[in-house]
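Right, one structure below, let's go through it.
Derivation of every value follows stated rules applied to the coordinates shown; laboratory data play no part. A quick note: this is a predicted structure, and the numbers were derived from the prediction, not measured. Note that we place each Cβ from the backbone using ideal geometry, even for glycine, and neighbour counts take in every protein chain shown.
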Amino acid sequence: QGEQGDKGPDGLQGEQGDKGPDGPAGEGGLSIYNTIINKEANITNKKDSIYYGEPTKIFSDGIIAKIDNSVSIEQIYTFGKSVPNRLVAVGSGTTQFAYSSNGINWFGIQNSIFDISGNGISWNGSKWVAVGQGIINSIAYSYDGINWTGIGNSVLSGGYAIACNNRMWVAGGFGDESIVYSFDGINWNDPVSNNTTGIMAICNDVAWNGKMWVAVGQGLNNSYAYSYNGMLWQGGGKVGLTSSGNGITWNGTMWVAVGSGVAGSIAYSMDGIMWSNATPPESISTYNGVAWNGTMFVAVGSGPNSIAYSMNGINWTGLGNSIFTSGESIIWNGARWIATGSGSNALAYSTNGINWSGVSNSTSIFTTSCNSVAWNGKRENTISFPTNIVLAVGKGNPSLGINDTYGYSYDGINWTGLGDYPLSDQCFDAAWNGEFWIAVGEGPVDSMAYSKEITLGLTGIGKSIFSIGRGIKWNSSMWVAVGTANSSGAPNTIAYSVDGLTWKGLGNSIFTVSGHTVAWNGIKWVAGGEGTNSIAYSIDGINWSAPDSSTSDVLDRCFCLAWNGFRWIAGGDGSNGGSSILYSTDGEIWRANPNLIPIFTSCLGIAWNGTRFVAVGSGSNTIAYSSNGINWTGLGGSIFNVSGNGITWDGTKFIATGEGSVNIFAYSFDGITWTGSGDPIFVFGNKVIWNSNIGNVKMEHPIVGVGDGTNSIAYSKDGIEWAGLGDSIFQSGKDVLWNGSKWCAVGLGDTNTIAHSTDGITWTGLGNTIFSTSGNALGWNGQMWVAGGSGTNSIAASSDGIAWIGLGEFIFSECLCVVWNGSIWVAGGVGVDSTIAYSSNGIDWVNVVDGVFDKCNDILWTGSQFIAVGEGDNTISHSTDGINWTGDGNSILSGGGYGITWNGLKYVAVGQGTKPIACMPIGSGWS
C-alpha cells in the first residue's frame, strides 16, 4: 500500500491490520490475503507493506472497496509494487535538482531544465512534475526523479506551485494565467473561466482536500482562490493574509494558510472560503510553507522564527532561525519532516518537528536556496471513496425561470442546479458506480447521459435504447436501465451495459408499456414497470421473469423498490384500489398487508436506513414510515402537499423530493420529523440519489501498441513516452487486447502469430501453428477469446488465451475483424461465399450471404447496431442483429473503409477516397 492522502474526518490511516485468513486458491494456485488497510492512528502519509509468500497477481475485480461510514470529503488510498524510497528537491544556484533515499544524504542532479530556479515539485504515484523559472521551461516531468523532460513555458511564464489529486494536476505561477490544469502532467490547459490572473496575479501554492482545491498567492483583492474541479476558480478574499498567501495545507478538518500581511502571517479556515487569523509566534514575519503530519502543523518562513509549530493550527510556537535564514517549504514523509530554505542550510530534517538538524552538504548542492521537496510514497494504483454527494433529478420550466432538470447537494439541504442539458424535458433517475454517473430521462436527442464530474454537467449517450429513460442501477459489475419504448428505433423497456456507454436492449416483452425502476440486492435484480407485468426479476440482469400472478399480489404499476437485507418492498399503484405497497422475501412472490389502511394513492419512492423504511407518494399522505415494510404510519401531506416523488438515505439523514407549493426538498434524521429545505431548482423533483460512498479501484496498466518497424510491440505508461520491445515476437503486430487479467496479441511472424502477457511488457509467443500466415484480430466476451487470421485457420478460440483451438478456414480465407455484442459474435474478412459471419458461441460459425462487401475490414458494435466498413460496392454497412445487413454505398469512402470507432456520440471511419476520414454524429448522416 502506498501513501494515504490527507486525513479525512472519519479517521487517519493507521497500522496495517492483522493478516486475514487465507482464501481459496486463485490463478496459479496462489493464496489470497485479506488486509485491513485503515485503522485509527495519529499519523498521515503512513506506508505499510502487504507481504506475500510468493509472486502474486492482484486484479482490480479482486479488490473490494468498502468504507464503514459516510465521508464528507474524498478518501484516497494508493497501492502498488514496492519501489525504493526517493525524495526529490528543487531549488536554485549551481544545481536545480537533487534526490535522496532518506532525506539526510542528498545528491545533486546536473541539468538545465530550469536555468533560473526550480520552485515546486510533486509526485502522483507514477510521475514527478516540477515547476520553476527558466528561459525555456516552466514545467517539466520525470518518471524517476533524475532524468527530466521540459515542456516549455507556454502555459506559465514561471511556475511556483504544483499538486495532484490522483485525477488531475493543478499548477500555479504567473503568466497569461496564474493557475492551469492537466490530466497527465504533460499537456496543460488554461482554466475554463480564463480569469485566474484577475483573481490573483501570482499563485504560490495549491492543495486539494478531497472536495475542493484551494490556492494561495498575490492579487489585488485575493490572497486565496478556490475551485471544486480545478478548472473554474473563485476569489476568496484576503482575510488574515493581506499581502500574500505563500503556502497551504489541510489536516482533515481545517485548512491552514501561511504568508504575510498587516494582520498576521498565518490563517485558518474550516471550509476553504471563510478565513480567520491565527496567532503566530511573532507579530512581524513571513511564512512560506506549511504541512501537517497527523499530530502537528509545522510552518517555515523568515523573521525571528524560520520554523514554528502548532498542535491546532491556531496557536503557534516559534523555534528561532538557527536552521534557516528563510524557510521555503516543508513536507512529512511518514517518518520524518523535511524542510527546505536558505542560509546556513538549504535542507533540514526532524523526527518530531521541534528538534532539527541541517543537511551538511545542502548549501553546496543548492548554493542559493532549496525551494521545494516531494516524496514518492504514493503508488500508481488507487482505492478512492468519493465526496458525499446527493444528486437530485426533476423537471424544470424555463418560462418560469426554472432551468434545471438535475442538481446536487453535499449536505442534502443546500442545492445547486446544473442546468438541463441534455435531458432538457425531464430527468427521472441516476446512478453512480464509483467512477461516473449515468442519468436517464428525456431530451430532444438523448434519453441517457453520463458524467465523470457531475458538477461540470452531463454528456448525452443518445436515444437508441429508450425514448424515455426512467430508472437505472449499478451492481458492481453491470448497469441495468429501464424506460419507455417506442416503435421507431428504441423498442426496449429493459437494457443492460457493462461500461455504461454501450447498451444492449432487451425488448419490451416484460414491460410492454414502460419500465420505471430497478434494484439489486446482491444476488438478484428486481425491476418495476407497467404493461403485461408490473414486477420482474433476474439473476443476471439479462434474462427476466415475471412473478406468477396467480400466487402473488400485484400492482397496476410499480414505481419504486427497496431492499433491507431480508425483505423487498415495492411501491406503485394498487391493483383495483388495493394496497400501493407490497413486500417479498425473494422478489418473486409478493404480498400486500390485507389489514393495512391504504397509505398512498400511489407510492413513488422508498428508502431504508438500517432500522426504518420511509416511503413517499401521493394521496392523504405524502410521507410514511415503517420498521418492517408491512405496517405503515402516514405523516400527512404538510411537507409535500401534492406528492412525494423520491427519497434516499445519505448515511446520516433521509432526503426527499417532490411536488407542492411548500417544498420541493425536505430532510429528516429519523424519517418522522421533517424539515423543508433548499432552493426550488425544479418545478418538481422526481428522485434523489446518494452516491453511497461507492469506492473505485483504479489500477494503472501500460498502454500497449503493436505495429511494424524496429519494434512490433511497444508500451507506455501515459501514451506519450513509449518503450519498444523489439521484433522478436512478431515481425509485424496486428492487434492487441486486454481482458482484465491478460494481454493477448496477434501478428505476422516466422516464429509466432499469437502471444500473451500478464503485464504487457514480458511476452510469450505461442508459435504459428494456429495461424500459419498471420493473426489479424482479437475479441473477448468475458469467457472466451476469439481470434481471426489466415493460414492454417482463419478463426480460432481459447478460454485462457494460451491454449487455442483452430476452427479451419471454411468461413474465410482470411479473417480481419471480430466483435462480440453481448449475445452474438460477428466476424469479417475475405471469403468465397461471404465476407461476414456470425456465431452464438464462438465455435460454430454461419456465413452471411450478404453481397455487401468484397472485403470486410472492421466491425463495430454500438449498443444498438453493428456498423462495418470494407471494400466493394459498399464501403459502409449496418445491421441491428449481425445477420441481416444493409449497404450504405461507397460515396463516403470511395476507395474502401479500413477502420471504424465511436465515442458514444459520434462515429468516425477511416479509409481511402476523396475524404479519407468520415464522421456521423448520432441522428445524422455520414459526412
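Among Lys395, Lys915, sorting on how many other beta-carbon atoms sit within 10 Å of each Cβ, with the fewest leading, yields Lys915, Lys395. With the convex hull constructed from alpha-carbon coordinates only, the stretch 640-728 shows a mean projected area of 10.1 nm² over all directions.
For the stretch 756-773, backbone phi angles converted through the Karplus equation (6.51, -1.76, 1.60; θ = phi - 60°) give residue-by-residue couplings of 9, 7, 8, 10, x, 10, 9, 10, 10, x, 10, x, 10, 6, 6, 10, 6, 9 Hz, Gly and Pro being listed as x. Here the stretch 242-356 has an Rg and Dmax of 12.6, 38 Å, counting Cα atoms alone. For a paramagnetic label modelled on Ile703 (point 7 Å from Cα along Cα→Cβ), amide N atoms under 13 Å away belong, within the stretch 160-189, to 183-187.
Here's how it looks for Gly462: its modeled amide H is under 5 Å from those of Ser447, Met448, which are all 5 or more places away or on a different chain.
Take the stretch 662-710, drop everything but the C-alpha atoms, weight them equally and run the Debye formula without solvent; then report log10 I(q)/I(0) at 0.23, 0.32 Å⁻¹ to two decimals. Normalising to I(0) and taking log10 leaves -1.00, -1.22. With the gyration tensor restricted to C-alpha atoms of the stretch 700-921, the semi-axes of the equivalent ellipsoid amount to 27, 20, 16 Å, longest first. Once you divide the Cα radius of gyration of the stretch 167-211 by 2.2 N^0.38 Å, the number left is 1.11.
The modelled label-to-label distance between Asp115 and Ser620, using points 7 Å beyond Cα along the C-beta direction, is 8.6 nm. Each label was represented as a point 7 Å from its Cα along the Cα-to-Cβ direction; for Ala263 and Ile542 these points are 6.4 nm apart.
Estimated purely from DSSP H runs of n ≥ 4, each contributing -39500 (n - 2.57), the mean residue ellipticity at 222 nm for the chain is 0 deg cm²/dmol once divided by its residues. Between Ile135 and Ser344, the modelled label-to-label distance comes to 3.8 nm, taking each label 7 Å out from Cα in the direction of the beta carbon. In the chain, the ratio of gyration radius to Kirkwood radius, Rg to Rh, stands at 1.00 when only Cα atoms are counted. Placing unit charges on the Cβ atoms of the charged side chains and taking the dipole of the chain about its Cα centre, the candidate lying farthest along the positive direction among Asn376, Ser514, Gln865 is Asn376. Looking at the stretch 150-184, the chymotrypsin sites (Phe, Trp or Tyr not before Pro) that sit in a DSSP loop and have at most 14 other Cβ atoms within 10 Å of their own Cβ are Phe183. Exposure proxy ranking for Leu456, Leu241, based on other Cβ atoms within 10 angstrom of each Cβ and starting from the fewest, stands as Leu456, Leu241.
Taking the fewest neighbouring Cβ atoms within 10 Å as the starting point, the ordered list for Cys603, Cys558, Cys919 is Cys919, Cys558, Cys603.
So for the stretch 87-383, what percent of the C-alpha to C-alpha distances run longer than 32 Å? In whole percent, the long-distance tail amounts to 16.
For the stretch 208-215, putting each phi into the Karplus relation 6.51 cos²θ - 1.76 cosθ + 1.60 with θ = phi - 60° gives couplings of 10, 10, x, 10, 8, 8, 10, 10 Hz, in residue order, rounded to whole numbers and with x for Gly and Pro. Karplus-derived 3J(HN,Hα) values for the stretch 433-439, using 6.51 cos²θ - 1.76 cosθ + 1.60 with θ = phi - 60°, are 10, x, 10, 7, 8, 10, 10 Hz; glycine and proline are entered as x.
Put the Cα centre of the stretch 486-538 next to the Cα centre of the stretch 541-610 and the gap is 17 Å.
Here the Kirkwood formula puts the hydrodynamic radius of the stretch 358-402 at 17.4 Å, using every distinct Cα pair.
Taking amide H as placed 1.01 Å from N in the peptide plane, Gly507 has its amide H under 5 Å from the amide H of Thr493, Ile494, each at least 5 places away in sequence or on another chain. Taking 0.36 nm per residue of separation and subtracting the Cα-Cα distance, full extension of the segment from Val846 to Asp881 would add 11.3 nm. Near Gly301, the amide H atoms lying under 5 Å from its own belong to Asn288, Ile307, Gly327; only residues 5 or more places off or on other chains count, and H is placed 1.01 Å from N.
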